[in-house]
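Read through the structure below, which is laid out as structure tokens, and then see the notes.
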Amino acid sequence: MRAGSLVATLALAFVTAACGDDTPTSPSSSSTTTSTSTVTFAGTLSVGGARFYSFTNLESGSVTALLASVAGADTRLPLAVPLEIGIGIPAGTGCATSLTQLVSPGLLSQMTVTLAAGTFCLRVADAGELRVPVSFAVRFTHP
Amino acid sequence: MNSKATVEIDDSPPSRSDHQRAPVHRSHPAPRKSPQACVAASRTDTPRRLTPAGRFLRAASLMTTVLCLSLTATACDDASTATSPSDTSSTTPTVATPTITELFAGRVNVSGSAFYSFSVVENGTVNVTLAEVGGAGVPSTVWLGLGIGTPSGEDCFTTATVNTAAGAAVHLTGTYAPGVYCVRVWDIGNLAAVAAFNVTIAHP
């Protein structure tokens, strides 16, 4: 009988003790995954003209860009003409670039820059090489 | 404050020698005790000479009673001792008044739109006013769409909009955190010709 009472008392003690422990279990892994978005910015660029595309970095990280193609707007024939690519911040009716580079069409990364989280823009402009309007495609990735 | 209690129980049976040397004989059957009667479990009804096994059970019963009382008193006391926040600083940001006024002078085509980007450097109030609309064949009282948002792609993604005619009073206002924003103007279906407009944007 005493043994039964002992067991019952211990059971009661454990039940009352268990209700006080409401501390959630911490996740065993705290690693984060950085995701990137890939954007293709395509359009028509007039002689002496410029276009820009705004994007938002959800977190700081690398932005890479390449001028994938340039072709005659009318002929659709590929052109090897270089264009100016720049990265900056939207301001007024344009994109105030802080980094620019003259690049020729290619499928390798041609510009890499590390940016903080926030809103930025990628600008494509005629650097004085165009003689006719062209169609362009710029591919870039950002966090 | 969370309380955790750890109880170690020695539930191994008494040694063989105890069984052999100390058989327990009770002159009266022990009364059955409920689990709630923790305190009563430790009481000895009749003083008598105890065998070693009896002394063991008596000591175990006393220990159990003490544990029961201590656990009951400490296990469920979280509600009365809430943890104070470690950060007691104010979370209400200061709202700055506009210190910079920018003029967005542009044109909007029939069914078209235009936008203007600006940077807010500190949390504060942004006021947008469609100050003037004109142009050949465009009445100055024509209504246009006016919005505030964030630059996205090749346009301005608006989050606050209003349809309005030009006037001196502020048409859109709001509190915005530091960042890049834009004001967008567009034809809501009233234009028959290209309209010229002036929009003032006051921001911190």
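Quick notes
- The alpha carbons of the stretch A:48-143 give a radius of gyration and a Dmax of 13.3, 41 Å, in that order.
- Loop-located GluC sites (Glu not before Pro) in the stretch B:113-178 whose Cβ has at most 13 other Cβ within 10 Å (DSSP): B:Glu154
- 3J(HN,Hα) along the stretch B:127-135: 10, 10, 10, 7, 7, 7, 9, x, x Hz, from the Karplus curve 6.51 cos²θ - 1.76 cosθ + 1.60 with θ = phi - 60°, whole Hz, x for Gly and Pro.
- Amide hydrogen proximity for A:Leu99: with H placed 1.01 Å from N in the peptide plane, the residues at 5 or more positions away or on another chain lying under 5 Å are A:Ile87.
- The simple Förster model, with R0 at 22 Å and r as the Cβ-Cβ distance, assigns A:Ser60 and B:Thr175 a FRET efficiency of 0.30.
- Dipole magnitude for the stretch A:37-142: about 120 debye, using +1 per Lys or Arg Cβ and -1 per Asp or Glu Cβ, origin at the Cα centre.
- The packing ranking of peptides A:78-84, B:136-142, A:61-67, A:96-102, highest mean first, is A:61-67, A:78-84, A:96-102, B:136-142, where packing means the average number of other beta carbon atoms within 10 angstrom of each residue.
- Measuring nothing but how far apart in sequence close Cα pairs (under 8 Å, 6+ apart) lie, relative to its length, the stretch B:100-203 scores a relative contact order of 49 percent.
- Remark: the stretch A:136-142, residue by residue, has Karplus-estimated 3J(HN,Hα) of 10, 9, 10, 10, 9, 10, 8 Hz, where x stands for each Gly or Pro and the curve is 6.51 cos²θ - 1.76 cosθ + 1.60 at θ = phi - 60°.
- Computed E for B:Val162/A:Ser104 - FRET, C-beta separation, R0 41 angstrom, nearest 0.05: 0.35
- Coupling constants for the stretch A:109-116 follow from the phi torsions by the Karplus curve (6.51 cos²θ - 1.76 cosθ + 1.60, θ = phi - 60°), and in residue order they are 4, 10, 8, 9, 8, 9, 10, 6 Hz; glycine and proline get x.
The numbers here are math on the coordinates, done by the rules we state, and not lab data. Nothing here was measured: the structure is a model prediction, and the numbers come from that model. All Cβ positions, glycine included, derive from the backbone under ideal geometry; neighbour counts span all protein chains shown.
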